[in-house]
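Colleague: Handing you a structure now.
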Amino acid sequence: MNENLFTSFITPMILGLPLVTLIVLFPSLLFPTSNRLVSNRFVTLQQWMLQLVSKQMMSIHNSKGQTWTLMLMSLILFIGSTNLLGLLPHSFTPTTQLSMNLGMAIPLWAGAVITGFRNKTKASLAHFLPQGTPTPLIPMLVIIETISLFIQPMALAVRLTANITAGHLLIHLIGGATLALMSISTTTALITFTILILLTILEFAVAMIQAYVFTLLVSLYLHDNT
């Protein structure tokens, strides 16, 4: 294969114009709103999954935290759908771009932290200094807790980027090895092709799990600040 290993991560262009906006908006077409009294199976399955996830994720929140339900459910739907669409041939996965993941993580994290300082000022400041800390260690612990607080959005974005990128690279490498081995050894090529199918199934699971993990961590940050 003559193409670069990272070709699939390059933003697609048509007539010199990036298609990121259209790609980002496309998953919204997969979640139609039904105006009928009895919905079809696809819409019913979506509604059941959303109710299950929202009930599990938002049950720990108080009334202020539950006002974020719509945003968090939209977030998990967006990340999950873009991750799954990225597994299709000749497609592009926006969540492999660290800049985009930071664009999602930083505002959500900042909103949760600002909410905490606004509604629970004393409790939020108390997180910077654990109770019973020896006096000589107070400046060091405050610095460490401050750094750990500001690292949270970076950890969210890097985790999602690394998991999705690693899976795509591995599929690309094994797929290239399968094509190369077809002319050398049919048996070995069948073995690598079987591994490729299993890895693709695993990536479908990873795509959904990473969407859930990203949203769950945002939900936990929100719970700590409401």
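The values are calculated or read from the model by the stated rules, or taken from the named source; none is laboratory data. What you see is a predicted model; the values in this text were computed from it and never measured. A quick note on method: Cβ atoms are made from the backbone with ideal geometry, for glycine too, and the neighbour counts reach across all protein chains shown. Side chains included, ligands, DNA and RNA excluded: accessible areas come from the protein's heavy atoms. Shrake-Rupley method; radii C 1.70, N 1.55, O 1.52, S 1.80 Å.
Colleague: Which order do HIS223, HIS168 take by accessible area at a 1.4 Å probe, largest first?
Modeller: These residues rank, largest area first, as HIS223, HIS168.
Colleague: For ALA126, put the label point 7 Å out on the Cα→Cβ axis and report which residues of region 141-173 keep their amide N under 11 Å from it.
Modeller: Those under the cut-off are none; the list is empty.
Colleague: What is the extension gain from LEU25 to ILE60, computed as 0.36 nm multiplied by their sequence separation minus the C-alpha to C-alpha distance, in nm to one decimal?
Modeller: 9.5 nm is the gain from fully extending LEU25 to ILE60.
Colleague: Could you give the dipole magnitude of region 7-225 about its Cα centre, charging the beta-carbon of Lys and Arg +1 and that of Asp and Glu -1, in debye to the nearest 20?
Modeller: About 560 debye.
Colleague: Just to confirm, what accessible area per residue do you get for region 76-144 at 1.4 Å probe, in whole Å²?
Modeller: With the other protein chains kept in place, region 76-144 gives 56 Å² per residue.
Colleague: I've got another one for you. With θ set to phi - 60°, apply the Karplus curve 6.51 cos²θ - 1.76 cosθ + 1.60 along region 101-109 and write out the HN-Hα couplings as whole Hz, x wherever there is a Gly or Pro.
Modeller: Working through the residues one at a time gives 5, 5, x, 8, 6, 5, x, 5, 5 Hz.
Colleague: Sticking with this structure for a sec: Which percent of the accessible heavy-atom area of region 36-113 goes to carbon and sulfur, probe 1.4 angstrom?
Modeller: Of the solvent-accessible surface of region 36-113, carbon and sulfur hold 67 percent.
Colleague: Please work out the Cα convex hull volume for region 114-226 and give it in Å³ per residue.
Modeller: It is 132 Å³ per residue.
Colleague: Under a point spin-label approximation (7 Å from Cα along Cα-to-Cβ), what is the GLN46-LEU220 distance to one decimal in nm?
Modeller: Taking the two extended label points, one gets 3.0 nm.
Colleague: Over region 7-225, what is the mean sequence separation of C-alpha contacts under 8 Å (at least six apart), divided by residue count, expressed as relative contact order in percent?
Modeller: 27 percent
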